1. Taking the highest mean first, how do the peptides 49-61, 30-42, 73-85 order by number of other beta carbon atoms within 10 angstrom per residue?
2. Between VAL37 and ASP79, how many nm apart are label points set 7 Å from Cα along the C-beta direction?
3. So between ASP72 and LYS2, what do we pick up on full extension, going 0.36 nm a residue minus the alpha carbon distance?
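Every number in this text was worked out from the coordinates using simple rules, so none of it is lab data. All values reported here derive from a predicted model rather than from experimental measurement. Glycine also receives a Cβ, built like all others from the backbone with ideal geometry; neighbour counts cover every protein chain displayed.
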Amino acid sequence: MKMLVVVQFFIISLLLTSSFFVLSSADSSACGGKCDVRCSKADRQHEECLKDCNICCQKCNCVPSGTYGNKDECPCYRDLKNSKGESKCP
């Protein structure tokens, strides 16, 4: 009987862990795709744009459409500031 409980606990734990991994992977890839579009016209600072965009997307769960502007579509993204008080998100 104890063995059955241990096996069930193990299976449930494994399922929960794998489900969490799939969900977290999906979120980061969704951000990456949106940030690729958002930063597609960035010249010299393309890598910095992607880094900041992904940070903002993970915190806000959204990225404004297009390559520039439209920040009113995502108030959280619009309102994040860096240490200098400037907009953090591209």
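1. Output ranking for 49-61, 30-42, 73-85: 49-61, 30-42, 73-85.
2. Placing both labels 7 Å beyond Cα along the Cβ direction yields 2.4 nm.
3. Net length gain for the segment: 19.6 nm.
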